[in-house]
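Notes follow once the structure below has been shown.
Values quoted throughout were computed directly from the atomic coordinates according to the rules given, and no laboratory measurement underlies them. Bear in mind that the values here come from a model prediction, so they are computed numbers and not experimental data. Please note: Cβ atoms are built from the backbone with ideal geometry, for glycine as well, and neighbour counts cover all protein chains shown.
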Amino acid sequence: DQQVKQNSPSLSVQEGRISILNCDYTNSMFDYFLWYKKYPAEGPTFLISISSIKDKNEDGRFTVFLNKSAKHLSLHIVPSQPGDSAVYFCAARDSGTYKYIFGTGTRLKVLA
Amino acid sequence: DTAVSQTPKYLVTQMGNDKSIKCEQNLGHDTMYWYKQDSKKFLKIMFSYNNKELIINETVPNRFSPKSPDKAHLNLHINSLELGDSAVYFCASSQVISGANVLTFGAGSRLTVL
């Protein structure tokens, strides 16, 4: 039973354009959502987070949007750069157990 | 000056063997974790320790035994390795940022059981 889903395994975007990565969840007990970026042969690195009481959080080129009614979050990267090419994981924290449930990742390729 | 370092990076071994993966963090975090990423890319928590005490123990076979000699170290020992144990194992530590415990991961240890 996958509580956090990233339905697009891969995405290609032209440099300078917007990248939109999506994540859907089923558990209404999630209180925090985080995005991580992973390069090959490295561990995931934290990118940005959002609390369930907010609908938007912005940090430089990265913005995360949360739609609680649709149980959907998205990560926007504007403008996309070749260095953004990586696998992006969304993770949701269960407010009861404090455990994070990760999605299976979306591989973003930014074309120069 | 790596924040979370784990060794070895690669491990190839035969079924039935016992192996260990070591993890150290120099961030001063109180909480450390072991995660497993399987062939389907699911990243799942196995264990969590806070200040050397076990706080999360998922339904992991008891062939897996974590050990935390101090809050900067969390090692993972696996007995009687099976083919299904082949995966990438990530160590992590966490700190609270804006209410969320944010994980800092090591580079991973790829275990291949033949």
*Taking a temperature of 25 °C and a viscosity of 0.890 mPa s, what whole-number D in µm²/s does Stokes-Einstein yield for chain A with Rh from Kirkwood over alpha carbon pairs?*
176
*Within a Cβ distance under 13 Å of residue A:52, other residues only, what is the Lys/Arg minus Asp/Glu net charge?*
+2
*Once the dipole of chain B is set up with Lys and Arg at +1 and Asp and Glu at -1 on Cβ about the Cα centre, which of B:61, B:25, B:86 lies farthest towards its positive end?*
B:86
*Based on Cβ point charges of +1 for Lys and Arg and -1 for Asp and Glu, what charge dipole magnitude is obtained for the protein assembly as shown about its Cα centre, in debye rounded to the nearest 20?*
360
*Euclidean distance of C-alpha centroids, the range A:43-112 and the range B:9-77, integer Å*: 25
*asked:* Please give me the summed charge of the neighbours of residue A:33: other residues whose Cβ is under 15 Å from its Cβ, Lys and Arg +1, Asp and Glu -1.
replied: +2
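How shielded is B:93-103 by partner chains, expressed as the average number of their Cβ atoms within 10 Å of its Cβ atoms? Please list the in-between numbers first.
Values: counts 0, 3, 0, 0, 4, 5, 6, 12, 6, 7, 8.
Partner Cβ neighbours, averaged per residue: 5.
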*When each of A:71/B:9; A:71/B:19; A:56/A:109 is checked by Cα-Cα distance, pairs over 30 Å*: A:71/B:9; A:71/B:19
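Given the alpha-carbon gyration tensor of the protein assembly as shown, what are the semi-axes of its equivalent ellipsoid in whole angstrom, ordered largest first, with each equal to the square root of 5 times an eigenvalue?
Working: eigenvalues 178, 78, 54 Å².
That gives 30, 20, 16 Å for the three semi-axes.
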*If you rank B:85, B:38, B:70 by fewest surrounding Cβ atoms within 10 Å, what's the result?*
B:70, B:38, B:85
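Can you pull the mean other chain C-beta count within 10 Å for peptide B:75-82? Numbers along the way, then the final one.
Details: counts 0, 0, 0, 0, 0, 0, 0, 0.
Per-residue shielding by partner chains comes out at 0.
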*Under 12 Å, Cβ to Cβ, from residue A:11 - net charge with Lys/Arg +1 and Asp/Glu -1*: +2
*Work out the P(r) tail for the range B:1-67: percent of alpha carbon pairs separated by more than 21 Å, whole number.*
30
_What are the extents of the Cα atoms of chain B along their three principal axes, in Å, largest first?_
43, 25, 23
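Explain nothing, just the number: dipole magnitude of chain B about its Cα centre with +1 on each Lys and Arg Cβ and -1 on each Asp and Glu Cβ, in debye rounded to the nearest 20. Let's see the in-between values first.
Details: 12 positive and 10 negative charges, 49 e Å.
The dipole magnitude comes to about 240 debye.
Tell me, B:2, B:13 in order of fewest to most beta-carbon neighbours within 10 Å? List each step's numbers first, then the result.
On the way: B:2 10, B:13 16.
Least crowded to most crowded, the residues run B:2, B:13.
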*Hey, what's the per residue convex hull volume over the C-alpha atoms of the range B:57-114, in cubic angstrom?*
106
*What average number of partner chain Cβ atoms lie no more than 10 Å from the Cβ of the residues making up B:43-52?*
2
